[in-house]
Amino acid sequence: MPYDSIVCVKQVPDTANITVEAMKEDGTVNRAALPAIFNPEDLHALETALEVRDAHGGSVTVLTMGPPKASEVLRECLYRGADRAILLTDRRAAASDTLATSYILSQAIRTIGRYDFVFCGRQAIDGDTAQVGPQCAEKLGIPQVTYLEKIIDLADDMVTIRRNIGRGYEVVKGKLPVLVTVVDTANRPRPPAARRVMRCKHARVAAEIGGELRTAMSDASDEDREAEAGRRARALEQRGLLIEQWDLDRIGADLQRCGLAGSPTKVQQVLSVVLTTEGSQQVAATEEGVRQLVKELVADRTLG
């Protein structure tokens, strides 16, 4: 029996390499000034979806919300074997918190249509909330299984999943459709396939085409650039390389639930903490040595 999967992926700031001001005055992340990467656990979600398709047939659709630059992660998904890619980009969605983001993604998932699985990474490294996946499930009105580590069995409309619960695991069974969040111990993501890279490296969304033409045809009129953009988009579509680009109108979103208007969360401050040390101290591997170490840590307020 074939299964259709939707995978929610995200391009995130590389939180391990923050080199400039990471926060705007309005309390939102200054994403344009930070290096961007594929959210690590989303790669494991993608790999899980690909494994389901490889074993049972079906399709894998990847969905991301962000600026046109976020299409980079969609190309990465195509390189690894995704069948369809959708970029949801709209300035009115800017500064969405987890509540607004989950609403927008759930609307997009409904617009995509039929699905058996929705896969998400456990959490994104820029927020570390692990809220978007579960919130999407609630808005879609479907069951959810968090912290997937392995699909044990999949037959007809039932799936059996082993989920990581920290110091152990539990096995749960759920009825499809289901939303699943995936942890980084679930699998080893496959590398991009060379043939798919050669083919899909030219895949573009319409906004990317327009941006490239503003540079390449800087002296041309707006009408000429629009005409050329249309020609290039049609050529890519014929080759199956035009990445779908949606906006909030396309998914029928309520604008009061999107962007800042739909985001009650307010970030007060972002700090980059650097730990430094001078010298070292060796602690005896005895009960008395550990007791003395704890006393010293309490005294300098490291503990307590």
**OP:** Could you pull out the residue among R195, R167 that is open to solvent by 80 Å² or more (accessible area, probe 1.4 Å), outside any strand (DSSP E or B), under 27 Å from Q238 (Cα atoms) and among the basic types (K, R)?
**Re:** R195
**OP:** Taking only segment 135-158 into account, find how many residues are part of a strand (DSSP E or B) and either surrounded by fewer than 17 Cβ atoms within 10 Å (Cβ to Cβ) or of a type in the set (K, R) (or both).
**Re:** 5
Original post:
Identify, please: which residue in segment 170-192 is assigned to a loop (DSSP other than H, G, I, E, B) and polar (S, T, N, Q) and is, among those, surrounded by the most Cβ atoms within 10 Å (Cβ to Cβ)?
Top reply: N187
Original post:
Taking segment 80-89 only, how many residues are open to solvent by less than 30 Å² (accessible area, probe 1.4 Å) and more than 15 Å from the chain's Cα centre (by Cα)?
Top reply: 1
**OP:** Looking for whichever is outside any helix (DSSP H, G or I) and modelled with pLDDT under 95 here; the options are A32, A16. Which one fits?
**Re:** A16
Original post:
For segment 55-79, which residues satisfy the criterion of being buried (at least 18 other Cβ atoms within 10 Å of the Cβ) and assigned to a strand (DSSP E or B)?
Top reply: G58, V60, T61, V62, L63, T64, M65
Subject >> Residue under evaluation I104, criteria (1) surrounded by fewer than 21 Cβ atoms within 10 Å (Cβ to Cβ); (2) modelled with pLDDT of 95 or more, criterion not met >> reply: (1)
**OP:** Check whether at least one residue in segment 203-214 is touching a Lys or Arg at 6+ places or on another chain (Cβ under 6 Å) and under 23 Å from I125 (Cβ atoms), and report yes or no.
**Re:** no
Subject >> Sole exception among (1) without any contact (Cβ under 8 Å) to a residue 60 or more places away in the chain; (2) more than 20 Å from L242 (Cβ to Cβ); (3) touching a strand residue (DSSP E or B) at 6+ places or on another chain (Cβ under 6 Å) for A206, by number >> reply: (2)
Original post:
For segment 212-255, which residues satisfy the criterion of being assigned to a loop (DSSP other than H, G, I, E, B) and either over 31 Å from the mean Cα position of the chain (by Cα) or of a type outside the set (A, V, I, L, M) (or both)?
Top reply: M217, S218, D219, A220, S221, R239, G240, D247, D249, R250, G252, D254
**OP:** Would you check which residues across segment 108-121 are farther than 15 Å from K10 by Cα and out of contact with any helix residue (DSSP H, G or I) (no Cβ under 8 Å at 6 or more places or on another chain) and list them?
**Re:** T111, I112, G113, R114, D116
Original post:
Of these, I209, I161, which one is in a helix (DSSP H, G or I), open to solvent by less than 30 Å² (accessible area, probe 1.4 Å) and β-branched (V, I, T)?
Top reply: I209
**OP:** For residues that are charged (D, E, K, R) and outside any helix (DSSP H, G or I), scanning just segment 107-132, find the one that is most open to solvent (accessible area, probe 1.4 Å).
**Re:** R114
**OP:** Just give me the residues in segment 35-54 being open to solvent by 20 Å² or more (accessible area, probe 1.4 Å) and part of a helix (DSSP H, G or I), in sequence order.
**Re:** P40, L43, H44, E51, R53, D54
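The values are calculated or read from the model by the stated rules, or taken from the named source; none is laboratory data. Please read all numbers here as calculations on a predicted model, not as lab measurements. Neighbour counts run over all protein chains shown; Cβ positions are idealised from the backbone, glycine included. Only protein heavy atoms, including side chains, enter the accessible area calculation; ligands, DNA and RNA are left aside. Shrake-Rupley method; radii C 1.70, N 1.55, O 1.52, S 1.80 Å.
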